[in-house]
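What follows is a set of notes on a single structure, which appears directly below.
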Amino acid sequence: MKTEIRKATVEDVQTILGFMKSFYEYDGLNYDKEKSEATLHEFIKSKAGSLFVTESSGKPVGYFCLAYGYSLELHGKDCFLDEIFIIPEYRKQGIGAEVMKFIEDYLKKENFKSIHLIVFEKNILAQQFYIKKGFRTRDAVFMTKSLSG
């Protein structure tokens, strides 16, 4: 099985929406197809980050979204791994490890200083995976306030 990673285009939106629906259902998040579709189109056109499709032997099997920022505390460009998803039947085959290596190599090449992500407390397998990949918790609490109502 050969894993390929490429930047997403507007032609990938419907495929990614299907992945998002599965991902959101798994994590118990609210999925709104119309809002998600509009957001994907806006994000692909923006310079706020990059959206990628993961393929195995030419078949789309997942996606991930990198949102870019800057941190004075961390001394430069930082990245938030906003979403990462691989369809269940392709998990535990090393694809996730390949994706994480790609992300790190890509960000280092672009001179990013750090990468952040959020894992729900109930998702122990994902936490264990990220710990193996070198992620650590910080003595801080991630907080969010919605500005869209």
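The values are calculated or read from the model by the stated rules, or taken from the named source; none is laboratory data. This structure is a prediction, so every number in the text was calculated from the model and none was measured. Cβ coordinates were reconstructed from backbone atoms using ideal geometry, including for glycine residues, and neighbour counts include every protein chain displayed.
Taken over the range 69-86, the criterion of being buried (at least 18 other Cβ atoms within 10 Å of the Cβ) and either more than 8 Å from the chain's Cα centre (by Cα) or without any contact (Cβ under 8 Å) to a residue 12 or more places away in the chain (or both) is satisfied by ASP78, CYS79, ILE86.
In this structure, VAL119 does satisfy being outside any helix (DSSP H, G or I) and out of contact with any strand residue (DSSP E or B) (no Cβ under 9 Å at 6 or more places or on another chain). Scanning the range 67-84 for residues that are farther than 12 Å from VAL99 by Cα, in contact with a strand residue (DSSP E or B) (Cβ under 6 Å, 6 or more places away or on another chain) and among the hydrophobic types (A, V, I, L, M, F, W, C) yields ALA67, LEU74, CYS79, PHE80. If you filter the range 6-36 down to residues that are touching a helix residue (DSSP H, G or I) at 6+ places or on another chain (Cβ under 6 Å) and not aliphatic (A, V, I, L, M), you find that the one that is surrounded by the most Cβ atoms within 10 Å (Cβ to Cβ) is SER36. Against the numbered list (1) at pLDDT 95 or above; (2) within 24 Å of ASN123 (Cα to Cα); (3) of a type in the set (Gly, Ala, Ser), ALA48 comes up short only at (2).
For HIS116, the criteria (1) within 16 Å of the chain's Cα centre (by Cα); (2) over 15 Å from LEU81 (Cα atoms) hold in every case but one, which is (2).
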